[in-house]
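What follows is calculated from the coordinates using simple rules that are stated; it is not laboratory data. Bear in mind that the values here come from a model prediction, so they are computed numbers and not experimental data. A quick note on method: Cβ atoms are made from the backbone with ideal geometry, for glycine too, and the neighbour counts reach across all protein chains shown.
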Amino acid sequence: KIIARAERFREDMVVVDTGTWQGDVHGRHILELHAEESTPDAPEMDIQEAGTVYTALVMGVRDYGAKCGFSKGVVGLSGGIDSAVTCAIACEAFGAENVLGVAMPSPYTSVDSIEDAKKLAENLGCRFEVIAISSVFSALKESLAHIFTASKNSARPTVDITEQNMQARIRGNLLMALSNKYGSLLLSTGNKSEMAVGYCTLYGDMSGGLAVISDVPKLLVYKLAQYINRSKNLIPARIISKPPSAELAPNQLDQDDLPPYEVLDPILQAYLEQNKSVAEIAAMGFERPTVEDIVKRIRTNEYKRKQAPLGLKVTSKAFGYGRRYPTAQNFKEEDAL
């Protein structure tokens with residue numbers, strides 16, 4: 001029986017009367033705990049999963065920053081839910097006045113996304129800047145056009161994932177420049193679902209000094225947003241309701257490349273945290289080809305995660321020190337594929 005509880009993930013002190021050592025008739029010492037005589041010094045904290053995780057993440061950012069000499073943070077704001085939640089955590093950890101949110105629209109960024117990012121920053125009270133990357137992106141493509149054309153053996157270069165990654169890396173370069181100039185900690189915004197299957201760009205959106213939500217599955221990110229909005233709508237409703245998109249190509253949606261998160265996240269949890277095999281996961285009701293594809297993506301993207309920033313651990317098994325796995329894999333897991 002719990003007779004007292006200190007605040008979670010915050011410095012606190014609780015004094016509890018647990019009785020004294022007493023002896024029985026044989027002279028043996030026994031310890032008596034009188035729960036009914038003790039009352040917690042503070043009311044029990046909210047034990048909802050999202051609230052607990054949010055508090056842990058805020059403490060993690062604040063503690064890491066303090067111990068590494070950072071009192072300010074910078075976050076790239078895409079107008080999506082991952083960067084919104086990360087920015088909210090940063091504002092609580094460092095204070096909104098010490099956080100810079102930066103929108104970096106490309107030719108594929110919607111007007112809604114820029115408006116949502118600006119509204120988020122206004123609601124949180126942090127500084128907001130816009131740095132358009134269209135001209136830089138065009139110049140970079142022009143510099144590479146003659147090489148890309150020759151390599152594709154065609155009259156004009158073919159647009160593919162390369163151009164999408166170029167946009168992400170331009171943004172990563174700009175954010176790191178701001179981090180260097182102002183001595184701010186760059187907080188990367190990728191979630192665990194994306195990190196697991198490699199839906200992220202090395203030296204792009206993976207750039208940063210701390211990966212705040214890298215151990216938070218996408219569905220839990222939505223719960224965090226709801227928790228943040230529990231008393232006031234700090235995160236605009238449109239950020240929460242719109243379909244997730246990297247906006248690196250026309251009409252792009254996450255679900256064009258990934259299964260729905262309602263399918264992806266349970267499979268990831270079963271494989272990564274519960275150590276279930278492909279066969280066992282398929283027996284849970286998921287299509288085996290889907291499970292095999294996800295497991296293959298997890299394995300082949302280990303090289304990306306090895307180069308990712310340090311992350312905060314909030315689940316039973318996080319990437320990095322929580323899951324040791326070889327990058328070069330000339331073997332086959334039993335029952336994996």
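Sites count as exposed loop sites when they are trypsin sites (Lys or Arg not before Pro), lie in a DSSP loop, and have at most 11 other Cβ atoms within 10 angstrom; the longest stretch of the chain without one is 29-231. Here is how the number arises for the chain: DSSP H runs of 4 or more residues each give -39500 (n - 2.57), the sum is divided by the residue count, and the result at 222 nm is -13000 deg cm²/dmol.
Rank PRO243, SER143, ILE131 by how far each Cα sits towards the positive end of the charge dipole of region 43-253 (+1 on Lys, Arg Cβ; -1 on Asp, Glu Cβ) and give me just the farthest. Farthest along the dipole direction, towards plus: SER143. When only the Cβ of Lys, Arg, Asp and Glu is charged (+1, +1, -1, -1), the dipole of region 159-208 relative to its Cα centre reaches about 220 debye.
Each residue of region 210-337 gets 143 Å³ once the volume of the Cα convex hull is shared out per residue. Take the convex hull of the alpha carbons in the chain; its mean projected area over all directions comes to 24.0 nm². Summary: within the chain, the longest segment free of chymotrypsin sites (Phe, Trp or Tyr not before Pro) located in DSSP loops with at most 15 other C-beta atoms within 10 Å is 1-202. Taking every alpha-carbon pair in region 264-307 and binning the separations at 5 Å intervals from zero gives 5, 24, 34, 21, 10, 5, 1 percent. Computed over region 177-224, the convex hull of the alpha-carbon atoms projects to a mean area of 3.6 nm².
Entry for region 217-274 at q = 0.25, 0.26 Å⁻¹: log10 I(q)/I(0) = -1.04, -1.07, Debye formula applied to identical alpha-carbon scatterers, no solvent contribution.
Modelled spin labels at LYS232 and LYS181, positioned 7 Å past Cα toward Cβ, are 3.0 nm from each other.
Basic side chains Lys and Arg get +1 at the Cβ, acidic Asp and Glu get -1 at the Cβ, and with that the dipole of the chain about its Cα centre reaches some 1160 debye. The Cα atoms of region 45-198 give a gyration tensor whose axes a ≥ b ≥ c have a/c of 1.5 or more with a/b greater than b/c, which makes the shape prolate.
From the residues SER207, TYR54, PHE70, which one has its Cα farthest along the dipole of region 43-253 in the positive direction, the dipole being from +1 and -1 charges on Cβ of Lys/Arg and Asp/Glu about the Cα centre? My answer, from the dipole projection, is SER207.
Given the pairs LYS192/LYS317; LYS119/LYS232; LYS72/LYS317; LYS119/LYS313; LYS181/LYS242, which are separated by over 22 angstrom at their Cα positions? Pairs exceeding the cut-off: LYS72/LYS317; LYS119/LYS313; LYS181/LYS242.
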